[in-house]
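What follows is a short report on a single structure.
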Amino acid sequence: MSKRALYREYRPRDFSEVIGQDHVTTILKNQVREQNFSHAYLFCGSRGTGKTSSAKILARAVNCLSPHDGEPCGECEACRIAKEGTADIIEIDAASNNGVDNVRELIDQAQFAPLQLRYRVFIIDEVHMLSTAAFNALLKTLEEPPAHVLFILATTEPQKLPATIISRCQRFDFHRLTIAHIIARLQTVLKSVGATMEPEGLRLIARAADGGMRDALSLADQCLSFCGSNVTKQDVLDTLGSVGQETLFALSGAIFAGDAAKCMEIVNEIVRNGRDLSVFTNDLNAHLRSLLLAKTCGDCTDLLDVTDDQMAQLLKQAKGASETQILYAMEKLLSAQSNLRYFPAPRILLESTLVRACRPVDEHSVEALEARIAQLEQNGVKVSNVSINTEPPSKSAAEPVHFSSASSNSSSVSEDDYIPEPPPEDVPPWEEEAPTQNVSRETFSATAKEKLPQTEKKAESDHAKAENTSESIKSAPIKTTGEADTIWQQVLNKIKVKNPMVYYLAREGSGVAWQDNTLIVEFPTNAETKMNMCNASINMNVIASCLHEIYPEATVLFRAERLNESEQKLKELFGNVLKIEE
């Protein structure tokens with residue numbers, strides 16, 4: 001006879017061997033001891049937590065002729081009959097017997113008295129798979145079964161059961177097993193088969209089992225088949241297709257430091273070692289979750305089920321990152337994880353996701369902006385007076401965003417403390433050295449002003465030219481498109497001096513018109529993201545203040561290019577699903 005799997009060979013034989021479910025086994029043992037059974041039970045819980053095993057133990061216990069402290073004795077005639085198999089204990093898989101005819105057959109069997117035992121027990125596994133008609137057929141018998149019949153229903157998804165079924169049963173919720181419970185059981189089983197495993201390997205299997213004892217025993221069985229009776233931590237990693245904690249710490253550190261090149265090297269090493277990218281992404285997300293909990297809760301060894309040394313490592317790395325950075329990386333990786341199995345080139349998807357997680361500066365979203373601000377503050381730059389909202393911009397001048405050194409009490413900022421934001425890749429070379437944040441000029445010392453880069457001096461020169469030409473424009477009425485274009489160029493020159501990043505967004509405006517004292521700037525359909533960023537309050541205030549310097553009473557309006565009739569009809573039919581490109 002072939003060797004039996006560990007999870008079958010070492011299935012619990014009595015309630016004392018069911019680990020981690022004392023709140024359930026205590027009640028069941030008391031009922032057996034007092035001979036006070038319910039006619040129907042409902043066992044709920046995730047896979048591998050002991051539902052079916054407890055149902056089989058209960059079926060033997062209620063029929064035992066001399067139970068010991070609520071446990072089946074295993075020696076009486078009824079226990080021997082139940083162990084060998086009997087027609088009085090019937091186990092049904094509702095996944096394959098889910099029709100109303102199957103339930104009617106079960107009801108017919110329930111009418112007959114048991115042949116060998118005191119009670120006829122029906123164990124219906126995965127009961128949530130029954131059809132609506134089958135549930136309705138079972139209702140009456142489940143509510144008032146014959147005195148010699150006992151029903152035990154087991155399910156992993158109790159929310160799919162009708163309330164009328166749940167109300168007729170005694171419900172027991174089985175908890176997910178802790179890592180400590182799984183490790184203790186694994187040690188017992190491995191000792192019984194004469195095998196050994198390193199403690200870190202046991203912990204890796206317990207984590208991968210995700211609270212299920214059956215999964216843990218299956219993984220242990222697989223490791224024993226892979227490398228024999230002495231299993232090391234590396235053997236477990238090779239079996240699971242996982243990577244070590246050192247790799248996860250190194251990759252998360254590279255993400256927080258913005259080192260995309262380091263991330264690519266780590267991914268390349270993982271692929272060369274033949275690791276499963278889906279498993280790796282799941283492990284990385286779990287590691288980021290641990291960092292988030294360490295950042296939020298501090299020392300949470302019990303919550304994460306880690307050793308003291310691992311907790312110290314998590315606390316150390318979490319201290320060097322902000323919650324915003326951790327959450328931003330998690331959101332990117334969770335989004336990619338759901339698509340990895342369907343993507344034809346999962347490595348490309350993972351690499352592009354890691355690059356985006358390293359460079360929030362390249363993304364125009366509120367989450368990316370928060371991550372960028374958090375990265376600046378981690379580098380010792382204090383950011384204040386920042387507001388993010390979707391309200392329409394007011395006509396008042398914009399409030400500047402101030403940067404100051406976190407370690408200095410003075411209101412002035414030296415040249416060394418000024419950290420410009422890296423420009424986007426498609427920004428012209430003359431803008432690459434310009435600061436990308438709106439820094440108040442009053443905060444610079446006289447020495448720092450003298451040392452401004454040449455690009456700043458050129459921008460200030462353009463600003464002076466714009467002020468000289470704006471006086472002649474103010475006195476003339478604006479009627480033509482050419483004059484509106486001239487005004488918009490003057491506004492752009494002023495924006496370029498105040499905030500080059502806003503200039504990079506606003507310059508995408510392709511058509512300009514003047515109507516009712518309003519400067520209307522149209523954006524092409526492929527630049528709607530930049531138009532939305534211009535409409536953000538913090539950016540609109542900068543643009544509006546520059547326009548007010550030329551025309552105090554004027555306002556600015558950004559809108560997408562108007563579509564022709566056929567394109568407009570397609571937009572109405574398909575909405576955001578349709579992408580119209582040039």
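The values are calculated or read from the model by the stated rules, or taken from the named source; none is laboratory data. Here the structure is a predicted model, which means the values were calculated and not measured. Counting neighbours? That spans all protein chains shown, and the Cβs are built from the backbone with ideal geometry, glycine included.
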**Asked** If R275 passes every condition in (1) outside any helix (DSSP H, G or I); (2) in contact with a strand residue (DSSP E or B) (Cβ under 6 Å, 6 or more places away or on another chain); (3) of a type outside the set (S, T, Y) but one, which one does it miss?
**Response** (2)
**Subset of region 304-331 [out of contact with any helix residue (DSSP H, G or I) (no Cβ under 6 Å at 6 or more places or on another chain) and of a type in the set (G, A, S)]** = A312, G320
**Message:** I need a count of the residues in region 499-535 that are surrounded by 21 or more Cβ atoms within 10 Å (Cβ to Cβ) and of a type outside the set (S, T, Y).
**Reply:** 13
**Fill in**
If we ask which residues in region 143-171 are surrounded by fewer than 19 Cβ atoms within 10 Å (Cβ to Cβ), outside any loop (DSSP other than H, G, I, E, B) and more than 28 Å from the chain's Cα centre (by Cα), their number turns out to be 6
**Asked** What are the residue pairs meeting all of these: first residue in region 269-293, first residue in the same structural domain as Q234 (by TED's automatic domain parsing) and more than 11 Å from A336 (Cβ to Cβ), second residue surrounded by fewer than 21 Cβ atoms within 10 Å (Cβ to Cβ) and of a type outside the set (F, W, Y), Cβ atoms under 9 Å, and 6 or more apart or on different chains?
**Response** none
**Candidate set: region 20-38, residues that are of a type in the set (A, V, I, L, M, F, W, C) and not in a loop (DSSP other than H, G, I, E, B); chosen: the one surrounded by the most Cβ atoms within 10 Å (Cβ to Cβ)** = L28
**Output for region 121-138, where each listed residue is within 36 Å of the chain's Cα centre (by Cα) and not in a helix (DSSP H, G or I)** = I124, D125, E126, L130, S131
**Request:** Of the numbered conditions (1) surrounded by fewer than 16 Cβ atoms within 10 Å (Cβ to Cβ); (2) assigned to a loop (DSSP other than H, G, I, E, B), H175 fails exactly one; give the number of that condition.
**Result:** (1)
**Message:** So for region 520-527 (the condition being modelled with pLDDT of 85 or more and charged (D, E, K, R)), does at least one residue qualify?
**Reply:** yes
**Prompt:** Limited to region 339-348, what total is found for residues that are aliphatic (A, V, I, L, M) and either out of contact with any helix residue (DSSP H, G or I) (no Cβ under 7 Å at 6 or more places or on another chain) or surrounded by fewer than 18 Cβ atoms within 10 Å (Cβ to Cβ) (or both)?
**Reply:** 2
**Message:** Just to be sure before I move on: is R214 at pLDDT 90 or above, under 31 Å from the mean Cα position of the chain (by Cα) and under 30 Å from Q31 (Cβ atoms) in the structure I sent?
**Reply:** yes
**Members of region 63-94 that are under 46 Å from the mean Cα position of the chain (by Cα) and buried (at least 22 other Cβ atoms within 10 Å of the Cβ)** = P72, I89
**Pairs, first outside any helix (DSSP H, G or I) in region 44-64, second of a type in the set (S, T, N, Q), C-beta under 8 Å, six or more apart** = C44/T155; C44/T156; G45/T156; S46/T156; R47/T156; T49/Q21; G50/Q21
**Complete:** Of the candidates K332, K295, the one satisfying the condition of being farther than 29 Å from H181 by Cβ, out of contact with any His (no Cβ under 9 Å at 6 or more places or on another chain), among the basic types (K, R) and in a helix (DSSP H, G or I) is K332
**Asked** What residue, among those in region 489-538 that are more than 18 Å from E549 (Cβ to Cβ) and among the polar types (S, T, N, Q), is nearest to the chain's Cα centre (by Cα)?
**Response** T529
**Prompt:** Which of the residues that make up region 30-61 are in contact with a helix residue (DSSP H, G or I) (Cβ under 8 Å, 6 or more places away or on another chain), closer than 16 Å to H128 by Cβ and of a type in the set (G, A, S)?
**Reply:** A40, G45
**Message:** For the structure I just gave you, tell me whether G211 is in the same structural domain as N339 (by TED's automatic domain parsing), not charged (D, E, K, R) and not in a helix (DSSP H, G or I).
**Reply:** no
**Asked** Is there a residue being touching a Ser or Thr at 6+ places or on another chain (Cβ under 6 Å) and among the polar types (S, T, N, Q) anywhere in region 87-102?
**Response** yes
**Hits in region 108-142 (condition: surrounded by fewer than 16 Cβ atoms within 10 Å (Cβ to Cβ) and in contact (Cβ under 8 Å) with a residue 40 or more places away in the chain)** = R118
**Request:** Examine region 6-19 for a residue that is at pLDDT 90 or above, assigned to a helix (DSSP H, G or I) and β-branched (V, I, T), and state whether such a residue exists.
**Result:** no
